[in-house]
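What follows draws every value from the coordinates through simple rules; no lab data is involved. Because the structure is a prediction, the values reported are computed rather than measured. Cβ placement follows ideal geometry from the backbone for every residue including glycine, while neighbour counts extend to all protein chains displayed.
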Amino acid sequence: MTSPTTHWRLRNGRLIDPAQQRDEVVDLYLMDGKVAGLNTPPTNFYPGQEIDAQGSWIIPGIVELSAHLGHSDQTLAIASESKAGIAGGITTLAIPPDIHPCIDNPAVVELIQLRGGRYGQAHLRVVGGLTTGLNGEALTEMAALKEAGCVAISNGQRTVTNSLVLRRAMEYAASHDLTILLYASDPWLSASGCAHEGATSTRLGLPSIPSAAETIGIHRDLALVELTGVRAHFCRLTSAGGVRLIEQAKAKGLAVTADVAVHHLHLCDENLINLDTRYRVDPPLRSRTDRQALRDAVASGVIDAICSDHRPLSADAKRSPYPSAKAGISGLETLVPLTLALINDGLLSPTQAISALTAAPARLLNLDGGNLCIGAAADLCLINPQARWQLAAEHMHSSGRNNPFTGNELAGRVTHTFVGGELVYRLSDNLKN
Amino acid sequence: MTLPADPPGQLHHLLDIQSLSREMIVRILDTAASFMSVTERSVKKVPLLRGKTVVNLFFEPSTRTRMTFELAAKRLSADVLNLDVEHSSAKKGETLLDTLRNLESMHMDMLVVRHNESGSADFFARHAAPHVCVLNAGDGRHAHPTQGLLDVFTIRRYKPDLSKLVVTIIGDVMHSRVARSEIEALTKLGVAEVRVVGPRTLIPRDIEAMGVRVLYRLEDALPDSDVVIALRLQRERMQGALLPSEGEYFSHYGLTSKRLALAKPDALVLHPGPINRGVEIASDVADGPRSVILEQVANGIAVRMAVMALALGHAGSKEHLA
């Protein structure tokens, strides 16, 4: 039974769908939760609901590779973070395993999915733990996690220090055709550091983490990827050296992919000079040169995907001296404008930029979404690429207002978001300024 | 939120040397010089800060710095509260912000703070009520600005033309807030060359960007030095694989009279204290004729008086000595 309320015509919008290599002005028809027609209405289409998309971009719903849910004291703030996601054009949120409670058994996966279905509007996809308690000692029941719906497997930011355990975990994950998400970092070199080791951390006297922490981690993990044949995705690259290693591994034909957090493409360690704790992120912002290497790697495709690495935090978590402030940026609501800025900077084409947010992360998590082919789920958003606006902390939907771009002028804004063909977010007129 | 800059020519907070203009540094040093006479006369008090409340909030143990801040405030006739963390509710889990709010409700005018985290003084300044001046008495490895100022003050009393000086800083620069503040003060005042010397484990990366020359052998660093500053080496450094032993450190980086002979004949020897005899400095050098270590302590009182007087808005004129 089709109901007219599920019929939408998006008129005259610029459809950018990298999965189909499409970039053209179209009328897009949605019906019964799916993309149903391009330029010509599908049979049984009930005309009525329409959005004038002239001047707007229509893109597939964004797939966020890492969204923490709520502060540590607020275990699952699904409603607020889901709302923040759809306000940012994000229709799928991948939840990393290192949240509280950690995701190392099917019961937690089911709890998140249940709550997600009840309170959330964006799709939640769960990344299961690699070791029990993420302690790096015993394997989780990965097959059961996969059956419960986990899209990939990871130890989060808790490095598996025992290389034998990591090897076994990779072999076991590969046996079950699971992709492993790796946060490569040498735990000894990064212990207690809060800033990139360089001129800024030296001047400020901040405990520091050298880039070698990342490259040593990647070296080891790549050697094990090669040994085990597992499909591996490297999360949150930060350094020029890290980029080079991934480039070499890809050239060698290893099944590896990589992502970067969008703030690492805009900020660097020099932003720390006023000791503003909003810039405290983990892994840390590195040098200007590293930032350029990351930007070039996104342009060349060595880095496949861009994410917001969303970590909402309470105001108290950031209200302390720099080293003891909690690390993280509440990033869902700035992912689109910060990625569009890379187009304006001449670094990426619109297709490249949108691909890094949609098709690429969907592919590496083995999801169906991230495209707008006829018959695909109607998860999509409309962006006004010209809109200039300021993100005010008090207007953020996330439970965390920890975002260093609040107050900056941003270009490009999500105006509408559809999940499963339903209009779940519309920018209200009084916020349009 | 960025910290609003002080209006030009005014001192409100003193958080690090980096945010001071060269002119302000000179003004502080000149004001301190005028206070030297106060500290030497029989009635060692001026009424500049009468009715003001100064809180010394120390989260780390300190003898010299805390006592000289206290003495400086008392010589300016302020009321002084000393808050030791061992005896306070901060130990019981009170957040820094709660501690600050409680002190503000006691109507303090100035907060002198020492804390083991870099950036903690900035934190207090960022959150303090607008009328409260925050003076950094040492935050982690970041800054110890009054120490940097009193060191250049001490050097300037012996060698007024700083532009020709070579100053060599020896030892644990990595963990030293004193070294960072000294480097910033010396380079801002246009010293000809600042050298840092120590084993690579104790020299932080890219410190050349602060305008210093890095050397790894004391024998290479000392020749032509007009001033030699030995830094304190903390015992904890033997853990964490930074150094093998105190003995090996002393044999290569200890300031002995034999090594001091490599410097200029009239070279001054400074040390921020407390000294470890036989670790970073030999007793005969610490107690020798070139050592101005005890003068540093005395000068610290005048420099801290100057900073307090300037921050609370009364200084520079002659009548403040009345």
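Pop the C-beta distance of residue B:64 and residue A:409 into the FRET formula with R0 = 35 Å and round what comes out to the nearest 0.05. Write out the running numbers ahead of the final one.
Working: r = 49 Å, r/R0 = 1.41.
The calculated FRET efficiency here is 0.10.
Hey, if you put +1 on the Cβ of every Lys and Arg and -1 on every Asp and Glu Cβ in the protein assembly as shown, which of A:99, B:276, B:204 ends up farthest toward the positive end of that dipole?
B:276
For residue B:85 and residue A:175, FRET efficiency with R0 = 60 Å and r from the beta-carbon atoms, rounded to 0.05?
Numbers: r = 55 Å, r/R0 = 0.91.
In this case the efficiency is close to 0.65.
So if R0 is 60 Å, what FRET efficiency would residue A:273 and residue A:40 give, r being the distance between their Cβ atoms, rounded to the nearest 0.05? Please report the intermediate quantities before stating the final value.
On the way: r = 57 Å, r/R0 = 0.95.
E between residue A:273 and residue A:40, to the nearest 0.05, is 0.60.
Placing +1 on the Cβ of each Lys and Arg and -1 on the Cβ of each Asp and Glu in the protein assembly as shown, which of A:323, A:33, B:46 has its Cα farthest towards the positive end of the resulting dipole?
B:46
Have a look at the DSSP beta bridges in chain B and tell me what percent are antiparallel, nearest 5. Present the calculation step by step, with values, prior to reporting the outcome.
Working: 1 of 36 bridges.
For chain B, the DSSP antiparallel bridge percentage is about 5.
Please give the residues of the stretch A:124-143, grouped as numeric ranges, whose backbone N is less than 17 Å from a label point set 7 Å along the Cα-to-Cβ vector of residue A:366.
A:125-131, A:140-143
Within the stretch A:87-122, name every residue whose backbone N is under 19 Å away from a label modeled 7 Å from Cα of residue A:135 along the Cβ vector.
A:97-108
Distance in nm between label sites at residue A:373 and residue A:23, each 7 Å beyond Cα in the beta-carbon direction?
2.1
With +1 on each Lys and Arg Cβ and -1 on each Asp and Glu Cβ, how big is the dipole of the protein assembly as shown about its Cα centre, in debye rounded to the nearest 20?
For the protein assembly as shown, the charge dipole is close to 1520 debye.
Quick check: residue separation of residue B:294 and residue B:258 times 0.36 nm, minus the Cα distance between them. What number comes out in nm?
Details: separation 36, 0.36 × 36 = 12.96 nm, distance 2.19 nm.
So the extension gain works out to 10.8 nm.
Once the convex hull of the C-alpha atoms of the protein assembly as shown is built, how many Å³ does it hold per residue, rounded to a whole number?
In the protein assembly as shown, the Cα hull volume divided by residue count equals 174 Å³.
Quick one: grab the alpha carbon gyration tensor of chain B, order the square roots of its eigenvalues as a ≥ b ≥ c, and give me rounded if a/c is under 1.5, else prolate or oblate depending on whether a/b is larger than b/c.
prolate
State the answer as a single residue: which of B:261, B:291, B:158 lies farthest towards the positive end of the charge dipole of the stretch B:145-297, with beta carbon charges of +1 for Lys and Arg and -1 for Asp and Glu, about the Cα centre.
B:158
Determine, for the stretch B:1-160, the count of lysine pairs separated by eight or more sequence positions (or lying on different chains) whose alpha-carbon distance falls under 22 Å. Let's see the in-between values first.
Numbers: B:44/B:52; B:44/B:74; B:45/B:74; B:52/B:74.
Lysine pairs meeting both conditions in the stretch B:1-160 amount to 4.
Would you count, across the stretch A:60-364, every pair of lysines whose alpha carbons are under 27 angstrom apart, provided the pair is eight or more residues apart or spans two chains?
5
With each label point set 7 Å from Cα along the Cα-Cβ vector, what nm distance links residue B:157 and residue B:102?
Here the answer is 3.9 nm between the modelled labels.
Give the Kirkwood hydrodynamic radius (Å, one decimal) of the stretch A:60-364, defined as one over the mean of 1/r across all pairs of different Cα atoms.
Values: mean 1/r = 0.0520 Å⁻¹.
For the stretch A:60-364, inverting the mean 1/r across all distinct Cα pairs yields 19.2 Å.
Using +1 on the beta carbon of Lys and Arg, -1 on that of Asp and Glu, and nothing else charged, what's the dipole of chain A about the Cα centre, debye to 20?
Details: 36 positive and 42 negative charges, 82 e Å.
Charge dipole of chain A: 400 debye, to the nearest 20.
I want the antiparallel fraction of DSSP beta bridges within chain A, as a percent rounded to 5. Present the calculation step by step, with values, prior to reporting the outcome.
Values: 30 of 60 bridges.
Percentage antiparallel, nearest 5: 50.
Full extension from residue A:219 to residue A:119: what is 0.36 nm times the residue separation minus their Cα-Cα distance, to one decimal in nm? Display every interim value, and only then the final one.
Working: separation 100, 0.36 × 100 = 36.00 nm, distance 4.12 nm.
Between residue A:219 and residue A:119, full extension yields 31.9 nm more.
Report, in debye and to the nearest 20, how large the dipole of the stretch B:117-158 comes out about its Cα centre when Lys and Arg carry +1 and Asp and Glu carry -1 on their Cβ. Spell out each step's value before the answer.
Working: 4 positive and 4 negative charges, 39 e Å.
It works out to roughly 180 debye.
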